1. Scan region 137-146 and tell me whether some residue there is free of Cβ contacts under 8 Å to residues at least 24 places away in the same chain and open to solvent by 40 Å² or more (accessible area, probe 1.4 Å).
2. Please work out if Gln12 is open to solvent by less than 70 Å² (accessible area, probe 1.4 Å) and among the polar types (S, T, N, Q).
3. Would you mind stating whether Asn104 is farther than 28 Å from Lys155 by Cβ and crowded, with 18+ Cβ neighbours inside 10 Å?
4. Would you please name the residue that is nearest to the chain's Cα centre (by Cα), looking only at residues in region 33-91 that are open to solvent by 70 Å² or more (accessible area, probe 1.4 Å) and within 30 Å of Ile140 (Cβ to Cβ)?
Amino acid sequence: MPKVNELQKHLQPGQIYRRADLTKWSNAVDRHLQQLVSKGVIQKLAGGLYYCPKKTVFGDAPPEDEMLVRAFLKDDHFYMASLNTYNSLGVGTTQLYNEKLVYNHKRDGRYTLNGRQFYFLKRSRFPEKSSQEFLLVDLINNLHFLAEDKESIIKRVAEKVRGMDKAILMKVVQEYAGARTQSFFEKLFRSDDMKHAV
């Protein structure tokens with residue numbers, strides 16, 4: 001049996017593999033991977049990352065973004081965000097963006113994985129799941145990425161904050177805000193407190 005078949009035998013549809021993981025089943029891994037890519041058995045996602053597609057009636061099912069990022073980082077600890085989620089806040093963002101943000105502990109920079117754009121941002125802390133408070137803080141953190149009128153967004157964020165639980169929001173600010181974002185919310189709360197004191 002050709003050695004390339006020995007490698008193919010170990011590949012499971014729907015799984016992503018790192019080149020390093022496949023050396024145990026092949027004595028010429030680069031050549032065998034090239035052969036399997038040309039036969040359509042696997043797809044190259046990025047340098048050293050390969051996907052064995054799951055066949056469906058509609059063709060090959062692409063890997064999920066979470067699976068791609070997990071394999072790329074070799075880590076389960078990350079938070080994936082989309083600038084599009086800010087549109088749900090009702091503060092004037094309406095644009096649609098293709099790039100996903102990936103908060104993680106390992107990598108910084110833009111990478112293309114399987115033709116999709118990911119912007120990896122190295123952060124010491126990020127939540128396991130989203131909340132309205134986190135999205136607001138994240139929006140101000142990432143204001144420079146947005147194509148909309150920033151002054152208008154800031155005004156609408158200030159209006160929205162007035163109807164929110166200040167204690168919960170401030171806790172999220174302290175945990176996840178950058179220095180400029182923290183300063184923005186602190187000024188907002190101070191001006192709001194002064195209005196109430198008058």
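The values are calculated or read from the model by the stated rules, or taken from the named source; none is laboratory data. Because the structure is a prediction, the values reported are computed rather than measured. Note that we place each Cβ from the backbone using ideal geometry, even for glycine, and neighbour counts take in every protein chain shown. Calculation scope for accessible area: heavy atoms of the full protein, side chains included, ligands and nucleic acids excluded. Shrake-Rupley method; radii C 1.70, N 1.55, O 1.52, S 1.80 Å.
1. If we filter region 137-146 for residues that are free of Cβ contacts under 8 Å to residues at least 24 places away in the same chain, which is where we start, we get 143-144.
With the extra rule that they be open to solvent by 40 Å² or more (accessible area, probe 1.4 Å), the set shrinks to 144.
Yes: region 137-146 contains one or more residues that are free of Cβ contacts under 8 Å to residues at least 24 places away in the same chain and open to solvent by 40 Å² or more (accessible area, probe 1.4 Å).
2. Values: open to solvent by less than 70 Å² (accessible area, probe 1.4 Å): no; among the polar types (S, T, N, Q): yes.
Considered against the rule, which asks whether it is open to solvent by less than 70 Å² (accessible area, probe 1.4 Å) and among the polar types (S, T, N, Q), Gln12 comes out as no.
3. Values: farther than 28 Å from Lys155 by Cβ: yes; crowded, with 18+ Cβ neighbours inside 10 Å: yes.
Yes, satisfied.
4. Per the criteria, the residue is Glu66.
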